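Each remark here refers to the structure printed beneath this line.
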Amino acid sequence: MSATDGLLWAFVALAFLAALALLASPWPRWAKALVVAAVTGLYFSADLALDEVWGWPGRQALPERFVLLAAVIEEPTKARPGALYVWVNALEGGKPAARPRAYQLPYTKDMHSLLNEGMKKVRQGVSQMGTTEPKTGPKGLSWLRPGSDEQNVKIRDLPQPQLPEK
């Protein structure tokens, strides 16, 4: 049994216990409604969490410094808004992280061309390093301004390591 199967069966058991509580208890209607709302909320939050566990690209911001490993570009159509999928290895203290991570970014033409150029160089054997910084804008409540969590991304050639003299 895998970990995700275990989570599935745990949720089934929780839903069963909630159904018993709703049917066999003398609880007032508001308490039963609260149980239904809690189990429903738990289902949706677990679904979002499992997407990341199963390896779907995260929608978090890119790390401040990273090595570009791969990119897949899904151009916008009438049916879909488009997306940019990147696989990067974060640089922590000048060294690559133990595991790479996949990210999903909103589609923009500028980012599309930037990733295309970076991937051309990666295919030629030139490693690419990326840096990010938050886009500057008006201060205040960012949740009121959609897209305020966007980043400025720059990609350049990874510097060659300097070996010590003999």
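General observations
- On the stretch given as segment 118-149, residues that are surrounded by 10 or more Cβ atoms within 10 Å (Cβ to Cβ) and modelled with pLDDT of 75 or more total 15.
- Apart from one condition, LEU7 fits all of (1) over 19 Å from the mean Cα position of the chain (by Cα); (2) modelled with pLDDT of 80 or more; (3) outside the structural domain of ARG123 (by TED's automatic domain parsing); the exception is (2).
- Selection within segment 90-117: residues that are assigned to a strand (DSSP E or B) and charged (D, E, K, R). The member of this set that is surrounded by the most Cβ atoms within 10 Å (Cβ to Cβ) is ARG101.
- Residue that is farthest from the chain's Cα centre (by Cα), among those in segment 84-117 that are under 14 Å from LEU69 (Cα atoms) and among the charged types (D, E, K, R): GLU117
- LEU42 part of a helix (DSSP H, G or I) and in contact with a helix residue (DSSP H, G or I) (Cβ under 9 Å, 6 or more places away or on another chain): yes
The values are calculated or read from the model by the stated rules, or taken from the named source; none is laboratory data. Since the structure is predicted, the reported quantities are computational estimates derived from the model, not experimental observations. Methodologically, a virtual Cβ is constructed for each residue, glycine included, from the backbone with ideal geometry; neighbour enumeration extends over all protein chains shown.
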